[in-house]
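The values are calculated or read from the model by the stated rules, or taken from the named source; none is laboratory data. Computed from a predicted structure; not experimentally measured. So basically every Cβ, Gly included, is an ideal-geometry build from the backbone, and we count neighbours across all protein chains shown.
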Amino acid sequence: MRKAKQPYLNRLFFCQLLWRQLFLLCLSLYACRAVQASENLFDEALTAYKGGMYSRARNSLELYLRKKPLDQSANYLMGCILLKQNCHDLAKSRFEYCQKLNPKSAAGKLSTQALQIMQSPPGSNNLMNLPSLPHSAPVTDSLTREQRLREESARLNKEAEEKIAVKKRVLEDQIHDLNLQEEQALRNLMPVRRRFGGSYVNQEARNAVKKEFDERRDALRTAHEEEADQIRRQYQDRIEAYEDTLESIESRKVHRRN
């Protein structure tokens, strides 16, 4: 009976392994198509912009920026499109955002130039001289991907520790309140004078009070440590997401150069 079941189990295991490999293959193909779709959206926006079809360029670029909001070149291009559509307030906001991403990059410098030109007197033709794309000059960020990741990681870690510090001050206030409550509870158990001299202390009751408040303090400290660990994990997830975004931007740049 066992010999009859063995081939069946082997076939079942092989089928499960095959289905798992097919699933991973489909997942990889889906991820590749998603990246390619993003590249196509940017290319469509760029082609439409050069052809003067600004509404179509804006629609394609909005879809692209939903997936890659930190793409500095795409944000600069969106500002140029908004200018062509006479949406000066939106264009200004877009250039300011692009500038904040990295003011030392080519797109950041062009955004600074665009903001300066937008402050020129009305009726001037300076906007016509604005470089339409950061791709007109090679986009070379002064900061490497590792430097940007290191700076953003430091910023997020600092923000996480500041939140934990606030939680720590709350914990200290709670422990201080418990200490006051414990002192009051022990004061109620002060030595009692005996009728015929001497005093009596209910040491068992005092020990029970101390044990209760020690447990409450330990519970607060444990909850604080768990909350601090949760905050650190959340910010670590944000750092990893930022790293994935930088890798996606870098891969797009490499793809365009090729």
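Summary table
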read-out: Residue within region 88-100 that is of a type in the set (Gly, Ala, Ser) and touching a Leu at 6+ places or on another chain (Cβ under 7 Å) present; value: yes
read-out: Residue match in region 238-250 (condition: at pLDDT below 75, in a strand (DSSP E or B) and either out of contact with any Leu (no Cβ under 9 Å at 6 or more places or on another chain) or not acidic (Asp, Glu) (or both)); value: no
read-out: Leading residue by the ranking (surrounded by the most Cβ atoms within 10 Å (Cβ to Cβ)) among those in region 115-167 that are at pLDDT 80 or above and of a type in the set (Gly, Ala, Ser); value: Ala160
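Matching residues to (1) surrounded by fewer than 17 Cβ atoms within 10 Å (Cβ to Cβ); (2) under 22 Å from Asn40 (Cβ atoms):
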residue	(1), (2)
Met53	yes, yes
Arg56	yes, yes
Tyr64	no, yes
Gln72	no, yes
Met78	no, yes
Ala91	no, no
Lys100	yes, no
